[in-house]
Amino acid sequence: MAEQYAQQYESWNELAKNIAYGAWAIGVLIVLGHIIRLATMNDAKAKYDFINRSEIKTLWAASIILILGCCFFANSNVEELSALWIFVRVFTTVSMGMIVALIVQNLLKFYYPFYIEKRLKVLRYKPRISPKTGKPMKLLSEDEEDAYLDEGMQAEENVFSVDYDVWKDLETGYVKIEKYAGHLHAIQCPECNYQTFKIVKEEIIKHPSPTEEGELMKHYQCGYCGYKAKKHVTLKMSQKFEETTTTATA
Ligand SMILES: [Zn+2]
């Protein structure tokens, strides 16, 4: 009887170990896959979007799988088992796993964005290369770029916390326009200083008319400390404003 039980534990221990190794392998592969995809992207803007969109999610998923692996590994040395032991093991495993997951989640949510932000900044302002001449292009200033943005884009820049960067090849006149969305991108919170301050809502208080400027309210909220702030933005006088917002949202 006792031997039979010992054998049962043996096969469980074996299985738990294999699950752990499998989980660790998958976790590492997920991270490697992300690094390789990033390395094979040539375009700085594509890299920017990829990091902004998926890096934290990917690392979080990989972490969960690695932690699950650890949970199985920690239970691959079963020698005796009673109802009490099962309870103790399950309880400690689940609570330890959750503590580690919580720590990782906090690191990813509040510290990792600083590191991401630095890399995103470098990618955004890295001189774009003109496909026509192979030479670096020039990033136009806010005033210069208006000539290359249509009214819909300009209205969007005004109202929807969207930034357009215009890169111009001065030799050939080739232009590359890149869109950066503010609501997808957190900035530093003035209260807690974490990189967790995001636009949560934008409302037009007054539409601009041909004779009067409009008014826009941007609502920010911190994902860490909950600090809220409002920012008033004046909208330029515009004749075609109503039409351009419709095209922008259509
Ligand atoms: Zn904050």
- Query: So what's the chain giving for Cα Rg divided by 2.2 N^0.38 Å, two decimals?
  - Reply: 1.47
- Using a Förster distance of 45 Å, the FRET efficiency for ILE99-GLU215 (Cβ separation, nearest 0.05): 0.40
- Cβ under 9 Å from TYR9's Cβ, TYR9 left aside: what net charge do those residues give with Lys, Arg +1 and Asp, Glu -1? -3
- TM-like helix rule applied to the chain (DSSP H, alpha carbon span at least 24 Å on the long axis, mean Kyte-Doolittle at least 1.6) gives 56-74, 83-106
- Query: What do you get when you divide the Cα radius of gyration of region 66-196 by 2.2 N^0.38 Å, with N the number of residues?
  - Reply: 1.80
- Message: One quarter of the convex hull surface, Cα atoms only: what value does that give for region 4-84 in nm²?
- Response: 6.3
- Reach of LYS132 by Cα under 15 Å, taken over aspartates and glutamates that are not fewer than 8 positions away in the same chain: ASP169, GLU171
- Task: Using 0.36 nm per residue of separation minus the Cα-Cα distance, give me the extension gain between LYS236 and ILE204 in nm, one decimal.
- Result: 10.3 nm
- Item | Two-site FRET efficiency, ASN106 against GLU171, from Cβ-Cβ distance with R₀ of 51 Å, rounded to 0.05 | 0.55
- Task: Over 20 Å between C-alpha atoms is what I'm after, so list which of LYS121/LYS228; LYS118/LYS231; LYS109/LYS230; LYS109/LYS198; LYS57/LYS109; LYS138/LYS236 land there.
- Result: LYS121/LYS228; LYS118/LYS231; LYS109/LYS230; LYS138/LYS236
- For PHE50, PHE72, write out the residues from largest to smallest accessible area, computed with a 1.4 angstrom probe and no ligands counted. PHE72, PHE50
- LYS218: which aspartates and glutamates have alpha carbons under 16 Å from its alpha carbon, excluding same-chain residues fewer than 8 sequence positions away? GLU156, GLU157, ASP163, GLU202, GLU203
- Taking the Cβ of ILE35 as the center, what net charge do the other residues with Cβ under 14 Å away carry, scoring Lys and Arg +1 and Asp and Glu -1? +2
- Item | Ratio Rg/Rh [Cα only; Rh per Kirkwood] for region 1-140 | 1.23
- Task: Between HIS183 and TYR21, with labels modelled 7 Å along Cα→Cβ, what's the label distance in nm to one decimal, could you check?
- Result: 4.9
- Under 20 Å from the 7 Å Cα→Cβ point of MET41, by amide nitrogen: which residues of region 85-115? 108-109, 112-115
- Task: Tell me, for the chain, which Cys residues have no other cysteine's C-beta sitting closer than 4.7 Å.
- Result: CYS70, CYS71
- Sort the following peptides by mean Cβ neighbour count (other Cβ atoms within 10 Å, averaged over residues), highest first: 129-142, 79-92. 129-142, 79-92
- Take the Cβ-Cβ distance between LYS118 and ASP150 as r, set R0 to 25 Å, and report the resulting FRET efficiency rounded to the nearest 0.05. 0.15
- Note on the structure: Distance in Å, no decimals, from the C-alpha centre of region 89-122 to the one of region 175-213 is 27
- Message: Between TYR115, TYR194, TYR48, where does the largest GNM mean-square fluctuation fall for the chain, given springs only between Cα atoms within less than 10 Å?
- Response: TYR115
- Item | Computed lengthening from GLU10 to LEU29, 0.36 nm per intervening residue step minus Cα-Cα distance | 4.0 nm
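The values are calculated or read from the model by the stated rules, or taken from the named source; none is laboratory data. Keep in mind the model is a prediction, meaning the values are calculated, not measured. All Cβ positions, glycine included, derive from the backbone under ideal geometry; neighbour counts span all protein chains shown. Ligands, DNA and RNA are stripped out before the accessible areas are found, and what is left, the full protein with its side chains, is counted by its heavy atoms. Shrake-Rupley method; radii C 1.70, N 1.55, O 1.52, S 1.80 Å.
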